[in-house]
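> Supplied in structure tokens, the structure appears directly below.
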Amino acid sequence: MDNQHEEQNQLNIELSEEIAEGVYANLAIITHSNAEFVVDFINVMPGLPKAKVKSRIILTPQHAKRFMKALVDNIKKYESVHGAIQDQDPVSLPMNFGGPTAQA
């Protein structure tokens, strides 16, 4: 019975080749409303005055909090193996996408 219950709770996740390649980003701009968090992943190139959003992820507040907890957990696991990740100086860009912002 337990094995049958486990099979019903499994989720089959497909990963296309295009998505599996990933997209590099070195800046994330986070905005939010009462209903959602929007995370824009951007690749900023040194010396260039313009950058493009490479990917946008929209999350409910509940999923954003779950994502934050999962990221914190994974960073702790990474640092336990590889040592502490050194913080760099914060990037200060005069960007405003029309709402409260934070950057990571």
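> For residue 43, what residues show an amide H to amide H distance below 5 Å, using hydrogens built from the backbone and excluding near sequence neighbours?
26, 52, 54
> Straight-line reach from residue 65: which lysines have a Cα under 28 Å away, not including same-chain ones fewer than 8 places off?
Candidates past the 8-residue exclusion: 52, 54, 76, 77.
> Hey, another quick one. With a 1.4 Å probe and all protein chains kept in place, how much accessible area does residue 40 have, in Å² rounded to the nearest 10?
10 Å²
> When the expected Rg is taken as 2.2 N^0.38 Å, what fraction or multiple of it is the alpha-carbon Rg of segment 22-82? Don't jump to the answer; show the numbers that get you there.
Working: Rg = 14.0 Å, N = 61, 2.2 N^0.38 = 10.5 Å.
Rounded to two decimals, the normalised Rg is 1.34.
> Sticking with this structure for a sec: To the nearest 10 Å², what's residue 36's accessible area with a 1.4 Å probe?
Accessible surface of residue 36 is approximately 80 Å².
> Order the following by accessible area, largest value first: 53, 38. Probe radius 1.4 Å; ligands, DNA and RNA are ignored. Don't skip to the answer; put the middle values down first.
On the way: 53 70, 38 20 Å².
Ranked from most to least accessible, the order is 53, 38.
> Amide H neighbours of residue 32 under 5 Å, counting only residues 5+ apart in sequence or on other chains, H built in-plane at 1.01 Å?
38
The values are calculated or read from the model by the stated rules, or taken from the named source; none is laboratory data. Keep in mind that what you see is a predicted model, and the values were worked out from it rather than measured. These area figures cover heavy atoms from the full protein model, side chains too; ligands, DNA and RNA do not enter into them. Shrake-Rupley method; radii C 1.70, N 1.55, O 1.52, S 1.80 Å.
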